[in-house]
């Protein structure tokens, strides 16, 4: 069986999973963070309780943090599903520095075993050629196996 290599690019707003096809990476999954619409009532604040004198306001950072954690849980569940389906056997993650610290928290043991490296760089908006260049800079070789 050929080992399938994947590269996950993730930040607080978007996740992209690229799969190796011969000599190139092809986008096979993309997910946007949609929690922003459901958790915010007004820019920067959220009302916790209703009633006279009972409104408490959360800071924007707390709301964004909650949105990020929900998004990372969804991405981890998707990766777990793909891993069970044997879609990939090796994984490299380029995560925004803020996301890199939380990423391992939500991944399962099986995904952690396939994980080659987590690189704290935000490459979500980059194309496949820039991903290849970054992999070479980090000395990570994801070459297809020859049978």
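Here are a few things to note about the model shown:
- Filter result for residue 74 (within 14 Å of the chain's Cα centre (by Cα), touching a residue at least 12 places away in the same chain (Cβ under 8 Å) and in a helix (DSSP H, G or I)): yes
- Some residue of the stretch 106-116 being under 15 Å from residue 16 (Cα atoms), crowded, with 19+ Cβ neighbours inside 10 Å and within 13 Å of the chain's Cα centre (by Cα): no
- Odd one out for residue 91, checked against (1) in a loop (DSSP other than H, G, I, E, B); (2) in contact (Cβ under 8 Å) with a residue 60 or more places away in the chain: (1)
- Picking from residues in the stretch 95-114 that are under 20 Å from residue 30 (Cβ atoms), touching a helix residue (DSSP H, G or I) at 6+ places or on another chain (Cβ under 7 Å) and not in a helix (DSSP H, G or I), the one that is modelled with the highest pLDDT is 95.
- Checked against (1) over 14 Å from residue 15 (Cβ atoms); (2) buried (at least 19 other Cβ atoms within 10 Å of the Cβ), residue 91 passes all but condition (1).
- Test: residue in the stretch 31-42 that is outside any loop (DSSP other than H, G, I, E, B) and at pLDDT 80 or above: yes
- Close pairs (7 angstrom Cβ cut-off, 6 or more residues apart or separate chains): in contact (Cβ under 8 Å) with a residue 40 or more places away in the chain in the stretch 104-118, in a helix (DSSP H, G or I) and surrounded by 12 or more Cβ atoms within 10 Å (Cβ to Cβ) anywhere: none
- Tally of residues being farther than 19 Å from residue 27 by Cα and outside any strand (DSSP E or B) across the stretch 115-130: 1
- Answer residue from the stretch 77-88, given it is touching a helix residue (DSSP H, G or I) at 6+ places or on another chain (Cβ under 7 Å) and free of Cβ contacts under 8 Å to residues at least 40 places away in the same chain and is farthest from residue 34 (Cα to Cα) among those: 83
- In the stretch 120-141, the residues that are closer than 17 Å to residue 15 by Cα and either at pLDDT 90 or above or out of contact with any strand residue (DSSP E or B) (no Cβ under 7 Å at 6 or more places or on another chain) (or both): 122, 125, 126, 127, 130
The values are calculated or read from the model by the stated rules, or taken from the named source; none is laboratory data. Everything numeric in this text was worked out from a predicted model, so none of it was measured. Positions of Cβ are backbone-derived with ideal geometry, glycine not excepted, and every protein chain shown enters the neighbour counts.
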